[in-house]
Amino acid sequence: MNKQDLISKVASNADISKAKAAEAVDAVFETIKQTLKNGDDARFVGFGTFSVAKRAATTGRNPRTGEAIKIPASKQPKFKAGKELKDAVNNRK
């Protein structure tokens, strides 16, 4: 499923226009993005949690030359699925 498929499903399930569904989907994505950017978690009971993990700076190697390179510290978005989502995927309910 891609974003357009999601918009179509939301429009159909909520009985609203695709334009309104696109606004809603964009608003949800933007809200989650801003929440993570501010350093907070976005928790949705039964669905899952979006969070930010900090990765420390490390030293790596260029595979071609073997030269040491510095890999800067970064923040990585993470998602942990909730119990209801896991159960649904595994056909437990």
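Bear in mind that the values in this text are calculations on the coordinates, not laboratory data. Just so you know, these numbers come straight off a predicted model, no measurement behind them. Ideal geometry is used to build each Cβ from the backbone, glycine not excepted, and the neighbour counts take in all protein chains shown.
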Partner lysines for K70 [C-alpha distance under 26 Å; skip if fewer than 8 residues away on the same chain]: K37, K54, K78
So for the chain, taking the charge dipole from beta-carbon charges (+1 Lys/Arg, -1 Asp/Glu), which of I32, S51, I16 sits furthest toward the positive end? S51
With unit charges on the beta carbon (Lys/Arg positive, Asp/Glu negative), name the residue among N62, V89, P77 whose Cα is farthest towards the positive pole of the charge dipole of the chain. N62
Ratio of the Cα radius of gyration of the chain to 2.2 N^0.38 Å, where N counts its residues: 1.54
How many nm is it between the label spots at K20 and K37, if each spot is 7 Å from the Cα in line with the beta carbon? 2.8 nm
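Taking the Cα centre of the range 48-93 as origin, sum charge times position over the Cβ atoms of Lys and Arg (+1) and Asp and Glu (-1), and report the length of that vector in debye to the nearest 20.
The dipole magnitude comes to about 80 debye.
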Could you tell me the center-to-center distance, by alpha carbons, between the range 1-16 and the range 23-93 in angstrom? 24 Å
The exposure ranking of T59, T31, T49, fewest beta-carbon neighbours within 10 Å first, is T59, T31, T49
The chain - charge dipole about Cα centre, Lys and Arg +1 at Cβ, Asp and Glu -1, debye rounded to 20: 480 debye
Would you calculate the volume per residue, in Å³, of the smallest convex hull containing every Cα atom of the range 48-93? 91 Å³
